[in-house]
Structures are given as C-alpha cells and as structure tokens.
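The values are calculated or read from the model by the stated rules, or taken from the named source; none is laboratory data. Keep in mind that what you see is a predicted model, and the values were worked out from it rather than measured. Quick reminder, even Gly has a Cβ in these numbers, built from the backbone with ideal geometry, and neighbours come from all protein chains shown. Protein only, heavy atoms only, side chains kept; ligands, DNA and RNA dropped before computing areas. Shrake-Rupley method; radii C 1.70, N 1.55, O 1.52, S 1.80 Å.
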Amino acid sequence: AWSRLRTQADDLLEQASGLPADIRHFGELARQHSAHRASRYNGGAVAWLVKHPGKKHPWDPAVVEAAFQLTSPGELAQPVETDDGIFLLRLLALDPAKPRPFEKVADGIRYHLERNRRQEAKEGLLARLTRNSSVEVYEDRLEQVEPINPQTADRRKTPPALPKS
C-alpha cells in the first residue's frame, strides 16, 4: 500500500508542478485526492504556520519542517512521509516576521514582568513562612470538628444510581 501511495504522490507532485503559475494551491488535485477534509475543498490550503519556539502545530514535525524549508510562493516540496500518510506541500504565501514597535509591545512586557515579580514575591513569602514556622497537627481535635456539609463527610459513599429507562 505504501508503494502505491508513493507512486501516487510522485504522480500528483508532477501534476502539481504543471499547474498554471497563477494557481498557488493544489486546486482540483486536492479535491480529487486529498484525505484532509478541512482543506480538500479549499485547494489544499491550510492555516498560516508560524515558526516560534514552543509553538504547537497540528501537523507531524517532519511536515512542519518541510514547510519551513520552502522559500517562495508556489514552490513545491518533495513528498513527506509520516506515520499518518504522505503529504504534498506547496507554499501559498510567505509573510516574514517583522519587528513590532516598542509602543505596541510595552504593555505586554510590563504585564509579564509584573506577573513574574508577584509570583517570585509570593514564592519567597511562602518559603520564609515555611522555613520559620513549625506545624503541629492535633488529630484528636480534628476529629471533633463537625463537617460543614455532612453529606460529603463520608467519601466512601457512592452517588445514587442512574434511573432505569
């Protein structure tokens, strides 16, 4: 089956390379041959892929890496084999990263710095309290405390059975 899929992928790659220059997606080829329902009726087009550390993509890493190797719109990659199948890739558009002005990112930076500062202060306080405190548990006194909700006091109880239909 894999041999047949490889042959079909090579054949489709050849057909895709013969598409007119103004068609950057896979067009009718995707409608006829793609197993990806979300993109098959859209010429095989999928969402933007963003190259960013820690970014999770819905695609196999080999597919994502092959996509990032493409450099000009309309360029085709060699078929990419994964456990899920064989993927054909074509770059539709490329929008290189651009630096954003400080004024647009300043509030986000301030927010993250302040959040980190608060988190560090909280952790420091808890560490000091733990280090400078001793805890004693009086089991006999704990047993005398009445539960706020007596129904949940006995965790061994099981919920009532579902009604029979």
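Using a Förster distance of 41 angstrom, determine the FRET efficiency expected from the C-beta separation of residue 82 and residue 107, and round it to 0.05.
So, using R0 = 41 Å, E works out to roughly 0.50.
Give me the 1.4 Å probe accessible area per residue for the chain, excluding ligands and nucleic acids, in Å². List each step's numbers first, then the result.
Values: 14190 Å² over 165 residues.
Per-residue accessible area for the chain comes out at 86 Å².
Under a GNM of the chain (C-alpha, springs under 10 Å), which listed residue has the highest mean-square fluctuation: 111, 138, 41?
Answer for the Gaussian network model of the chain: 138.
Calculate the translational D of the range 5-49 in whole µm² s⁻¹ from Stokes-Einstein, where the hydrodynamic radius comes from the Kirkwood formula applied to all Cα pairs, the temperature is 10 °C and the viscosity 1.306 mPa s.
After rounding, the answer is 145 µm²/s.
Can you compute the helix-only [θ] at 222 nm over the chain? Use -39500 (n - 2.57) per DSSP H run of at least 4 residues, normalise by all residues, nearest 500 deg cm²/dmol.
-13500 deg cm²/dmol
Can you figure out the FRET efficiency of residue 51 with residue 149, using R₀ = 41 Å and their beta-carbon distance, to the nearest 0.05?
Given R0 = 41 Å and the Cβ-Cβ separation, E is 0.20.
If each of residue 140 and residue 100 carries a label point 7 Å out from its Cα toward its Cβ, how far apart are those two points in nm?
That separation, rounded to one decimal, is 6.3 nm.
For residue 19, what accessible surface area do you get with a 1.4 Å probe? Give it in Å², rounded to 10.
Here the accessible area works out near 40 Å².
Given a 1.4 Å probe and heavy atoms of the protein chains only, how would you sort 122, 56, largest accessible area at the top?
56, 122
Sticking with the crude label model, points 7 Å out along Cα→Cβ, report the distance from residue 75 to residue 17 in nm, one decimal please.
If labels sit at residue 75 and residue 17, their model points lie 1.5 nm apart.
Only Cα pairs under 8 Å and at least 6 apart count here; give the relative contact order of the chain as a rounded whole percent. Intermediate results must be reported in sequence, preceding the final value.
Numbers: 113 pairs, mean separation 25.3, N = 165.
Here the relative contact order equals 15 percent.
May I ask for the net charge around residue 116, where only other residues with Cβ less than 14 Å from the Cβ of residue 116 are counted and Lys, Arg are +1 while Asp, Glu are -1?
Cβ neighbours under 14 Å give a net charge of +2.
Would you look at the GNM of the chain, springs on alpha carbons closer than 10 Å, and say which of 34, 72, 134 moves the most?
Greatest mean-square fluctuation among the candidates belongs to 134.
What does the charge add up to near residue 21, with Lys and Arg as +1, Asp and Glu as -1, over the other residues with Cβ less than 14 Å from its Cβ?
Once all neighbours under 14 Å are counted, the net charge is 0.
If each Cα of the range 64-117 is one equal point scatterer, what is log10 of I(q)/I(0) from the Debye formula at q = 0.12 Å⁻¹?
Cα-only, vacuum Debye calculation for the range 64-117: -0.54.
Could you check which residue among 63, 135, 46 shows the biggest mean-square fluctuation in a GNM of the chain with a 10 Å Cα cutoff?
Comparing 63, 135, 46 in the GNM, the peak value goes to 135.
Roughly how many percent of the accessible protein surface of the range 1-130 is carbon and sulfur, given a 1.4 Å probe and a whole-percent answer? If you can, show how the numbers build up before the last one.
On the way: 5460 of 9950 Å².
Solvent-exposed carbon and sulfur of the range 1-130 make up 55 percent of the total.
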